[in-house]
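Have a look at the structure below before the remarks.
Throughout, read-outs are computed from the coordinates displayed, never taken from laboratory work. All of these numbers come straight from a predicted model, not from anything done at the bench. Cβ coordinates were reconstructed from backbone atoms using ideal geometry, including for glycine residues, and neighbour counts include every protein chain displayed.
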Amino acid sequence: MKPIHVMIILVAALAILVTACARTPATDASASQNIPQSLTLAQLYSYNAVHGYTYKVTTMLATGEQSTQSIATVAADKVYGIAAWRVESKSSAADTTTVRIWLDQNTLRCTKLDTVSVVDGIPVTNPGFCPIGETTAPLVKYVFAKTEKISVGAGTFTARKYADAGSAYWIAPNVPLPVKISTGSGSVIMELESYT
């Protein structure tokens, strides 16, 4: 497995968690619109309505643009006595490594993180760490920026863009996941291709 593929998996899996540590909201929203003016991650994602999903992940690297798919499954679980969503992600380019993240069902804060790699046919679990401050920092509120029409693999949507410093989420009516995600000030773009 190429190191770049492992990096893309980790970037895609951690995109949500890393942006949750940002604190400075950016907005150009009109307060007069009849829509929520800010949302938390738990309001952007409805994992209770999803069993699996696929995002096209495009990463801007010094050597150019790299794209792959992030394929995930979602299941209810319990970790450290906390009701959690277990999200298991793997890249279509590196199918021997799975990133597993347990997210608190109420807040979507990271409670546990690890990777499972298959070496010579044997699964090897490597413990990981949730981002520093993830479990204690105040919940980030993503501020409404604008409504716009966007096209991704899952379809064309009139989506609401919510953003904070360096990250943005586009949500569409009746879709339980963001249809598009931008993190790292646009260095990683995730576009929803499908969900079940």
(message) For a quick check: sort I35, I101 by the number of other beta carbons within 10 angstrom, fewest at the front.
(response) I35, I101
(message) Testing the spin-label approximation: label points 7 Å from Cα along Cα→Cβ at S117 and H51. State their distance in nm.
(response) 3.2
(request) Find how much the distance from T125 to N106 grows on full extension, using 0.36 nm per residue of separation minus their present alpha carbon separation; answer in nm with one decimal. (result) 4.2 nm
(message) Test of understanding: what is the full-extension gain from S151 to T196, defined as 0.36 nm times their sequence separation minus their Cα-Cα distance?
(response) 14.3 nm
(request) Treat the count of other C-beta atoms within 10 Å as a stand-in for reagent exposure and order K78, K161, K90 from fewest to most. (result) K78, K161, K90
(request) Note the full-extension length gain between A165 and T73 as 0.36 nm times their separation in residues minus their Cα-Cα distance, in nm to one decimal. (result) 30.3 nm
(message) Suppose R0 equals 30 Å. What FRET efficiency, 1/(1 + (r/R0)^6) with r the Cβ-Cβ distance, do A42 and S92 give to the nearest 0.05?
(response) 0.60
(request) Over 18 Å between C-alpha atoms is what I'm after, so list which of K149/K180; K90/K149; K78/K112; K56/K180; K112/K161 land there. (result) K90/K149; K112/K161
(request) Could you tally the net charge around N126, taking each other residue with its Cβ under 12 Å from the Cβ of N126, Lys/Arg +1 and Asp/Glu -1? (result) 0
(request) Report the residues of segment 40-63 in range of a label on A83: point 7 Å along Cα→C-beta, backbone N strictly under 16 Å from it. (result) 42-43, 46-50
